[in-house]
């Protein structure tokens, strides 16, 4: 993304300064020469403008001040030649958005609504609002010079703290709408739970969204100290109150001693609570990556004659990298749109600058009678390697959503596969109604379809990560095929499509999965796990006997291609796995154990020779690797669970579609399966 950095400076401390036409400011834009700026407002004059923009004066005055302030802010920006020059540069890149970083050291300048500025002559889209014009889309973010530690990590596993406060004397808030929106948005990552068990449902949801009603400053501090929250969303009213001879804006939270009473919380005090000392050992401070303030005037400074700045400004100065707030009153409808637009994108790893630009345009389009679009203020400080981090976060979130979808899918196979059912308790095996089973299946298929669509988009968006993405796609297609086959077997439990249609689609998905594994391996030849899965699925697809009419799926042409010779691929995968086994990376060692177990099983159904061990030796080695995997990974680890599930596929799924071919490995597969702890199924349920 193209970035333009504009910094506004003045002599003296950041605080204790009023706006005045006599005060000179220094404007620095990229490597252009510095220019001196003057703000054409007296302080009290501008406070009157803010009263109109804050809906405290009639609508006619508000509209006039909105237009006039936009004009003046545009003139201030147009007086910086470096900004005009940078805005008209073209580097030839097809980049749809420009990031304008506004770095402010003087707290009184944070009072100015730069987001409202008109694009003046010389800037793209002259005469239109700068942040809404389409000629050169711009996202403006603010930044303070005192934000420390720019080398921070963008969260890959978001967890949201939602704190809501509405003391009786202050007024209502759109609590239910915000809560429902957030609950819906975290849905793709919530694992399966039994609706009849409220405590299990609560635990599953709280892994991603923790709700703090009737929030007080003490309860927010305790939650931040006890939990690892990456995002904090605060829904409360902003209140203007005198502070000595000054006027400030506070958040109206509940009093911890009497929740019916209100306690007014300043920006620095809220910042201290959000950055609480982590418990139990108090090593380090909590640091959410994103804080959103859905409250009136949370981005406004009030008078700046005293020390301090706005709530959003104070949070950013305390080291919180991204703070989104409103500098004017935000409507209930606008606050809901903020949650929907920002959090949907953030949770999937979208670039927050694109989200802010999109949200501003939506607010302008949908709520024309108010200026919610102009109230949106974002304080953002991003690390230098932000875009690579964002790519990793997108893949990680896609993978976590797939894992959650497959967790729901596992419940389908638990109900369909006899081998797993036999390991469950009588309570867990209570039969569900046909309607419940169908609802579960429909939910699973919807989640899987959504995951695959998102992965397909990532293939185009992140070409450098295609090998990993194809591997995830392959795994998802395979699990999808497994679900359809398992429900096809038990059409008495899962009504809907016919058994034949489910079997047919299952085989098509299995072939697609096999092809994606090959693509993953071709893009990264060190992916031994990808070639192991390609080998496994190819052997199964070439030897289907359950449905002889599906012979075209067996891809006979591949059998004559030397680069897809199965014996050679087995030897290569075996060697690669042995290299990984003796490396220093514990994760690779665990993966290698799983690969070797599967390769040694497959050696029993392949022709002898080419360096493959005899059946007795293969069985002995496979059982030894199974014991070692359990010891290294841990009996209750996900690696043990996933390997056990793969063995179940051979026994319950592959053995049914190609029973004659896989018969020689059944005894070994059964022995390996019995080594894995049965209770792990419920641990990773």
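Bear in mind that the values in this text are calculations on the coordinates, not laboratory data. Everything numeric in this text was worked out from a predicted model, so none of it was measured. Every residue, glycine among them, receives a Cβ derived from its backbone with ideal geometry; neighbour counts consider all protein chains shown.
Once the Cα-Cα distance is subtracted from the 0.36 nm per residue extended length, the residue 281 to residue 197 segment shows a gain of 26.9 nm. Given their separation in residues at 0.36 nm each and the Cα-Cα distance between them, residue 571 and residue 255 gain 106.9 nm when the chain is fully extended. Between 0 and 90 degrees, the angle of helix 59-78 with respect to the longest Cα principal axis of the chain falls at about 80 degrees.
When each of the peptides 121-129, 609-617, 437-445 is scored by how many other beta carbons lie within 10 Å of its residues on average, the order from highest to lowest is 437-445, 121-129, 609-617.
When both segment 647-685 and segment 569-646 are represented by their alpha-carbon centers, they are found 15 Å apart. On C-alpha positions alone, give me the angle between the axis of helix 175-185 and the longest principal axis of the chain, in degrees, nearest 10. Taking the Cα atoms of the chain, the angle to 175-185 is about 40 degrees. For the chain, relative contact order (Cα pairs under 8 Å, six or more residues apart, normalised by length) works out to 9 percent. The distance between label points at residue 56 and residue 453 comes to 4.7 nm (points 7 Å beyond Cα on the Cα→Cβ vector).
Look at the alpha carbon pairs under 8 Å that are at least 6 residues apart: their mean separation over the length of segment 526-685 gives a relative contact order of 24 percent. Using the Cβ-Cβ distance between residue 582 and residue 522 with R0 set to 35 Å, the FRET efficiency works out to roughly 0.85. Sequence-distant contacts, meaning Cα pairs under 8 Å at least 6 residues apart, place the relative contact order of segment 2-144 at 28 percent. Maximal additional length on extending the residue 207-residue 361 stretch stands at 52.2 nm, based on 0.36 nm per residue less the C-alpha distance.
Remark: 343, 264, 357 ranked as 264, 357, 343, counting other beta-carbon atoms within 10 Å and listing the fewest first. Here segment 19-74 and segment 135-198 have alpha carbon centers that stand 31 Å from each other. Answer rounded, prolate or oblate for segment 1-146, using the Cα gyration tensor with square roots of eigenvalues a ≥ b ≥ c: rounded when a/c is under 1.5, else prolate when a/b is larger than b/c, else oblate. It comes out oblate by the Cα gyration axes. Computed from the Cβ-Cβ distance with R0 of 56 Å, the FRET efficiency linking residue 177 to residue 616 stands at 0.25. Computing FRET efficiency as 1/(1 + (r/R0)^6) for residue 675 and residue 332, where r is the C-beta to C-beta distance and R0 is 56 Å, gives about 0.45. Quick one: grab the alpha carbon gyration tensor of segment 562-651, order the square roots of its eigenvalues as a ≥ b ≥ c, and give me rounded if a/c is under 1.5, else prolate or oblate depending on whether a/b is larger than b/c. It comes out prolate by the Cα gyration axes.
Here the spin labels are modelled as points 7 Å beyond Cα on the Cα-Cβ line, and at residue 67 and residue 642 they lie 6.1 nm apart. Rounded to the nearest 10 degrees, the angle from helix 528-541 to the longest Cα principal axis of the chain is 50 degrees.
Where both bridge residues fall in the chain, DSSP classifies roughly 45% of the beta bridges as antiparallel.
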